[in-house]
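The structure under discussion appears below in the form of structure tokens.
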Amino acid sequence: MHQTVLLVAVVITGLAFDFTNGFHDTANAMASSIATGALKPRVAVSLSAVLNVVGAFLSLAVAATIAKGIVDQNSVTVTVVFAGLAGAILWNVVTWYFGIPSSSSHALIGGVVGAMIVHAGASSVEWSGLVSKVLVPAAFAPVVAGVIAAIGVWLAFRANRRSKEEVRDKSYRLTQVGSSSMLSLAHGTNDAQKTMGVITLALIANGTIAKTATTPTWVVASCGLAIGLGTYIGGWRIIRTMGKGLTKIEPPQGFAAETTSAAVILASSHLGFPLSTTQVCTGSVVGSGIGRGAPVRWHVFGRMVGAWVLTLPAAAVVGAAAYAIAAGIGGTAGSIVLALILAAGCGGVYVLSRKNPVTHHNVNDEWGPAPVETVVGEPEVAA
Amino acid sequence: MSALIAAASSSSTKPTPFIAWHSLGEAVVAAAVFGIGIVLVLSVAIALQASSASESGARRVVSRVGAVLGVVIATGAVAYGIYIMVHKPS
């Protein structure tokens, strides 16, 4: 009975994590296109949602392990996974409330690490793996993406210095549909499968499916739909920060930022050096501002970097507390209490967010006072 | 992920580098070539398309052919990107 309740809780929580992952990461693919007017907000999130679902089915190279190389795989239990998911969901919801793009994958890893420390001690965490697989890539991702995007934007404006602005922008808006679609598709192939792996692992641990079994179709479909639904709901608060808060984005910048993001994500993951989609996309947007010589709101970027630094430890603390509650109470009651606390926490943040709602109606409103002019790159080229 | 090597888990007598600089370098170069390359190719295509409106004769044809070529190259890059997504390393 207890194992079944725990399994159901993990499946539901896993899908809930996929949902938060969807609305949290919509901004990565669509913020630039929405900000430049290449796509209307609702059209953008609908397109992104469909492509996320398609992406979930596109590749089934699902890793049936979680936080591989970071925690001792033999010590991972279903309760640890449940608590880790709880930590990741809460961190995703809190950062969404503040409109800060942060890595959902890092949140999940943090949640699992925290739960593992309580469950099996600090020695169950492979700290070197944590540094080399999470922290080092996190430091590189925004820098690499930012530099490449800055060069791309400079070249884009340079190539079109004699083009009429309206003709140029119309063409770039069209290309942005393609570049943002690629990002959405890549997101679906990567992120939906993390939860597929989590749920598959729980099913194997419960004996529901054999160890050699492939991921059940219902798992693929439900994970794809969960991330698609989350994407469609649209994390407008984060979209607004990415599209309007960092720098003023024109269509050539949006296209260059999205294209370089897709190139960095696909190239790095293909060559065995996967980087955080969120950090790559944020770096690209900042780089697109630098490459244009447009002012960047560094204090907004600083808040994001602060959140990135906090993601792992904060999710770990919540994951640890969640595990302590679930294991402390024990049995079915522990799982139910943890699920209720998680639901209450998410509900509370949602209620708070209603006091200052950001929707598709006001997502493109001006951010506030124009950022202080700090020209770093080339001066603007006359159209 | 295997490109990032954790030194602690290595059984080799030679210390394994904590950061796989070679793999990182490869990833950066590939990302730069594709990222900057596609942006440049499509930007040139857009510039050629825009300039073709004010040109005539052979120059106009050359500009338009160049623009189409740029779009074809970018489309090929998109197709390759999808191929990479489908055949990503497990």
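The values are calculated or read from the model by the stated rules, or taken from the named source; none is laboratory data. This one's a predicted model, so the numbers in the text were calculated from it and none came from an experiment. Because the Cβ atoms are built from the backbone with ideal geometry, glycine has one as well, and the counts that use them run over all protein chains shown. Ligands, DNA and RNA are stripped out before the accessible areas are found, and what is left, the full protein with its side chains, is counted by its heavy atoms. Shrake-Rupley method; radii C 1.70, N 1.55, O 1.52, S 1.80 Å.
Before moving on, here are some points about what is shown:
- Given (1) closer than 17 Å to A:T277 by Cβ; (2) modelled with pLDDT of 95 or more, number of the condition A:V118 does not satisfy: (1)
- Taking the conditions (1) free of Cβ contacts under 8 Å to residues at least 24 places away in the same chain; (2) within 10 Å of chain B (Cβ to nearest Cβ); (3) assigned to a helix (DSSP H, G or I) in turn, A:G272 satisfies each one other than (3).
- Looking only at the range B:74-90, residues that are out of contact with any helix residue (DSSP H, G or I) (no Cβ under 8 Å at 6 or more places or on another chain), facing chain A (nearest Cβ under 8 Å) and open to solvent by less than 70 Å² (accessible area, probe 1.4 Å) come to 0 in all.
- Tally, over the range B:44-68, of residues that are of a type outside the set (A, V, I, L, M, F, W, C), more than 8 Å from chain A (Cβ to nearest Cβ) and open to solvent by 80 Å² or more (accessible area, probe 1.4 Å): 5
- Residues satisfying the stated conditions in the range A:37-48, i.e. open to solvent by 10 Å² or more (accessible area, probe 1.4 Å) and not charged (D, E, K, R): A:G37, A:A38, A:L39, A:P41, A:V43, A:S46, A:L47
- Of the residues making up the range A:284-297, none is at positive phi, within 10 Å of chain B (Cβ to nearest Cβ) and at pLDDT below 95.
- Figure legend. Inter-residue proximity from the range A:166-194: first residues closer than 24 Å to A:A16 by Cα and at the interface with chain B (Cβ under 7 Å from one of its Cβ atoms), second residues surrounded by fewer than 24 Cβ atoms within 10 Å (Cβ to Cβ) and of a type outside the set (A, V, I, L, M, F, W, C), beta-carbon distance below 9 Å, spacing 6+ or different chains. Indicated pairs: A:L185/B:G81; A:A186/A:S269; A:A186/B:G81; A:T189/A:S59; A:T189/B:K88.
- Scanning the range A:156-172 for residues that are open to solvent by 50 Å² or more (accessible area, probe 1.4 Å) and closer than 13 Å to B:V39 by Cα yields one hit, A:R158.
- For the range A:242-260, a residue qualifies if it is in a helix (DSSP H, G or I) and more than 8 Å from every other protein chain (Cβ to nearest Cβ), and the qualifying residues are A:M242, A:G243, A:K244, A:G245, A:P251, A:Q253, A:G254, A:A257, A:E258.
- Boolean, A:T189 is at pLDDT below 90 and at negative phi: yes
- Selection from the range A:301-344 of residues that are over 18 Å from the mean Cα position of the chain (by Cα), of a type in the set (V, I, T) and buried (at least 20 other Cβ atoms within 10 Å of the Cβ): A:V318
- One residue from A:V113, A:V118, A:V125 being within 30 Å of A:T282 (Cβ to Cβ), in contact (Cβ under 8 Å) with a residue 12 or more places away in the chain, surrounded by fewer than 24 Cβ atoms within 10 Å (Cβ to Cβ) and in contact with a helix residue (DSSP H, G or I) (Cβ under 8 Å, 6 or more places away or on another chain): A:V125
- Among the conditions (1) touching a Cys at 6+ places or on another chain (Cβ under 8 Å); (2) outside any helix (DSSP H, G or I); (3) not hydroxyl-bearing (S, T, Y), the only one that A:L39 does not satisfy is (1).
- A single entry from A:N28, A:N21 fulfils the requirement of being buried (at least 24 other Cβ atoms within 10 Å of the Cβ), part of a helix (DSSP H, G or I), modelled with pLDDT of 90 or more and not acidic (D, E): A:N21.
- Qualifying position, being open to solvent by 60 Å² or more (accessible area, probe 1.4 Å) and more than 7 Å from chain A (Cβ to nearest Cβ), among B:V71, B:V41: B:V71
- Flag if A:A44 is in contact with a helix residue (DSSP H, G or I) (Cβ under 6 Å, 6 or more places away or on another chain) and at pLDDT below 85: no
- Which listed residue, of A:I209, A:I199, A:I109, A:I151, is more than 22 Å from the chain's Cα centre (by Cα) and either away from every other protein chain (no Cβ under 13 Å) or under 24 Å from A:W91 (Cα atoms) (or both): A:I209
- Evaluation of A:V219 against (1) in contact (Cβ under 8 Å) with a residue 60 or more places away in the chain; (2) within 22 Å of the chain's Cα centre (by Cα) (one fails), failing number: (1)
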